[in-house]
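J.: Have a look at this one before I ask anything.
The values are calculated or read from the model by the stated rules, or taken from the named source; none is laboratory data. Values in this document were obtained by computation on a predicted structure and should not be read as measured data. Cβ sites come from the backbone with ideal geometry, for glycine too, and all protein chains shown count toward neighbours.
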Amino acid sequence: MSTNTILGIIALVLSLPGSLFIDYKVSARRARFLSLLLGLVGSLAVAGAIYLYIHNVSISIDGLSFFLGTFFACSVGSFTGALLANFAMSAGDRTSDIPSTEY
């Protein structure tokens with residue numbers, strides 16, 4: 001295993017608790033479980049994409065920059081997954097919460 005692989009795994013694991021907590025707090029009540037699941041999938045997808053890019057292009061990058069970039073990218077991937085879950089759960093609900101007199 002290369003150093004970049006180990007740093008990528010560590011960054012993924014360290015980014016999950018905070019990003020999943022924020023995903024849980026900002027998601028709608030009925031979409032919380034799905035937002036956690038898609039947040040996890042989003043983080044894994046971003047980490048996998050970074051891993052494949054680094055090993056296919058064969059670039060050289062220092063460890064700190066790689067760790068911080070992977071950490072923030074995995075967090076953003078988790079937020080994106082939660083955003084998609086919230087959008088998917090609310091897409092079927094087209095009824096308005098506000099009565100028509102308040103428009």
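J.: Of all residues in region 32-67, count the ones that are in contact (Cβ under 8 Å) with a residue 12 or more places away in the chain and either polar (S, T, N, Q) or part of a loop (DSSP other than H, G, I, E, B) (or both).
T.: Residues meeting the conditions: 3.
J.: Please go through region 24-50 and give me each residue that is among the hydroxyl-bearing types (Ser, Thr, Tyr) and in contact with an Asp or Glu (Cβ under 9 Å, 6 or more places away or on another chain), ordered by number. Full working, then the answer.
T.: Quick first cut of region 24-50, residues among the hydroxyl-bearing types (Ser, Thr, Tyr) only: 24, 27, 35, 43.
Selection gives SER35 alone.
One line per residue, one yes/no per condition, for (1) modelled with pLDDT of 90 or more; (2) in contact with a Ser or Thr (Cβ under 8 Å, 6 or more places away or on another chain); (3) of a type in the set (A, V, I, L, M):
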{"residue": "ALA45", "(1), (2), (3)": "yes, no, yes"}
{"residue": "TYR53", "(1), (2), (3)": "yes, no, no"}
{"residue": "ILE59", "(1), (2), (3)": "no, no, yes"}
{"residue": "GLY69", "(1), (2), (3)": "yes, no, no"}
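J.: With respect to ASP23, is the statement that it is under 27 Å from THR3 (Cβ atoms) and among the acidic types (Asp, Glu) true?
T.: Working: under 27 Å from THR3 (Cβ atoms): no; among the acidic types (Asp, Glu): yes.
So ASP23 does not fit the description; no.
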